[in-house]
Amino acid sequence: MFKKFLLICIIGMSQVALASEQEPSVLAAKASESLLLDVEGLAEQKLVAVGERGHVLISEDNGASWRQVITPTQATLTAVTFINDQLGYAVGHQQVILKTTDGGETWTLQHHDAEDLAFPALLDVWFRDGAWGVAVGAYGLMLETTNGGKNWEPVDLIELEDPDFGLPHFYSLAFDGRNNRLYMVGELGFLAVSDDFGETWERKEFPYRGSLFHIAVSSKGSIHAMGLRGNLFRSTDQGETWEHIKTGTRASINSMVNIGGSQQAYFAVDGVLLFSNDDGQNITTKQRNDRSGLMAGVMTGVNQLVVVGEKGAKQVDFDGREIKQ
């Protein structure tokens, strides 16, 4: 499975990753076809995607074309988030944290720890505002900044430890602005919530013991948690109880995006796209012919998405078919 392979790469430490000094990324002719792990949509048809070898790609035409920009790292970048159209952050292997203040055109290295074998990768990042943010990753790693990323400090999460397994890998963060609740999910059915923007956390029971790769808040306010073997769960009471949603697939689900009103799209391994027209209560499943793993996506037009994953960035319709320019 593509997701299993990816997580092995993230959690394992190669000899290359042990280099203590960061080297800048290298322009690659086929960067837009390389492994890309996340994408964010900005204003005026602008998209920013991140992936392997420190690649950052920018599109200014909703994914019809892409150009690569140089970053100060060759570490794999796993997630990207923007506070506004100019200010953004990316995280990845070797505890790399990058910051941009010009919409992704240039990036500065804020943090890295290539030699800390216990915590080899960051997997998601979330900012409350321009100053306060958290980044999470493998082996229960959480870093916190209160000054816009100038300094990042590890957070002690002993209250979240399982007596048998310790702290799990943390995979995803999501913020519910309606209720000011921050969610975090990870392996072994891990779910935690924070009602003070990440200052303190409470672990919650979850009805599934497999890995949860992503958590998201729908446009209607429901909470969606997803992961291994096509498992998808939905909560309408702020994560207190969960309904198991039938997806019709055993492909691991990597992420979700709202696509208008009560509609969501989900991205999975094996080229699987899932769609809901009723806030996640019912699911229809499509599969791309190339069956390449899909990691994330954004809606860019009527019946049109840009998806990123194993084979780079693609424009597709809601049947999963590639849109030819």
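The values are calculated or read from the model by the stated rules, or taken from the named source; none is laboratory data. Note that the structure is predicted; figures quoted are calculated from it, not measured. In this analysis, Cβ positions are derived from the backbone assuming ideal geometry, glycine residues included, and neighbour counts consider all displayed protein chains. Calculation scope for accessible area: heavy atoms of the full protein, side chains included, ligands and nucleic acids excluded. Shrake-Rupley method; radii C 1.70, N 1.55, O 1.52, S 1.80 Å.
Report the Stokes-Einstein translational diffusion coefficient (µm² s⁻¹, integer) for the chain, Rh taken as the Kirkwood radius over Cα pairs, at 10 °C with viscosity 1.306 mPa s.
For the chosen part, D equals 82 µm²/s.
Could you give the nm distance between label points at Glu153 and Asp85, where each point is 7 Å from its Cα heading toward the beta carbon?
3.6 nm
Ignoring ligands, DNA and RNA, please state the percent of accessible area on the stretch 143-240 from carbon and sulfur, probe 1.4 Å.
Taking all protein chains in place, the stretch 143-240 shows 43 percent carbon and sulfur surface.
Compute, for Val257, the solvent-accessible surface of its heavy atoms (probe 1.4 Å) with the complete set of protein chains present, and express it in square angstrom to the nearest 10.
It works out to around 30 Å².
Would you give the gap between the C-alpha center of the stretch 208-249 and the C-alpha center of the stretch 84-105, rounded to a whole Å?
Spelled out, the Cα-based centre of one part sits 28 Å from the other.
Hey, which of these cross-link pairs are over 30 Å Cα-Cα: Lys246/Lys311; Lys46/Lys246; Lys99/Lys204; Lys220/Lys311?
Table pairs above 30 Å Cα-Cα are Lys46/Lys246; Lys99/Lys204; Lys220/Lys311.
In whole Hz, with x marking every Gly and Pro, tabulate ³J(HN,Hα) for the stretch 151-163 from phi via Karplus 6.51 cos²θ - 1.76 cosθ + 1.60, θ = phi - 60°.
Going residue by residue, I get 9, 10, 10, x, 10, 7, 10, 4, 5, 9, 5, 8, x Hz, with x marking Gly and Pro.
Please report the relative contact order for the chain, taking Cα pairs under 8 Å with a sequence separation of at least 6, and give it as a percent rounded to a whole number.
Rounded, it is 12 percent for the chain.
Work out from phi, with θ = phi - 60° and the Karplus expression 6.51 cos²θ - 1.76 cosθ + 1.60, the ³J(HN,Hα) of each residue of the stretch 237-252, listed in order in whole Hz, and give x for Gly and Pro.
Going residue by residue, I get 10, 6, x, 7, 10, 9, 9, 7, 9, 6, 10, x, 9, 10, 6, 4 Hz, with x marking Gly and Pro.
Count the net charge of all other residues whose Cβ sits under 9 Å from the Cβ of Ala135, scoring Lys and Arg as +1 and Asp and Glu as -1. Spell out each step's value before the answer.
Values: positive: none; negative: Asp124, Glu144.
Surrounding charge for Ala135 is -2.
Determine how large the accessible area of Phe127 is when every protein chain is in place; take a 1.4 Å probe and give Å² rounded to the nearest 10.
Per-residue accessible area (Phe127): approximately 20 Å².
How much accessible area per residue does the chain have, in Å², with a 1.4 Å probe?
Working: 13620 Å² over 325 residues.
Accessible area per residue: 42 Å².
May I ask for the net charge around Leu232, where only other residues with Cβ less than 12 Å from the Cβ of Leu232 are counted and Lys, Arg are +1 while Asp, Glu are -1? Present the calculation step by step, with values, prior to reporting the outcome.
Numbers: positive: Arg229, Arg234, Lys246, Arg250; negative: Glu243.
Value of the local net charge: +3.
Give me the base-10 log of I(q)/I(0) for the stretch 141-242 at each q in 0.10, 0.11, 0.16, 0.20 Å⁻¹, Debye formula, one uniform scatterer per Cα, rounded to two decimals.
Relative scattering, expressed as log10 I(q)/I(0), comes to -0.27, -0.33, -0.68, -1.04.
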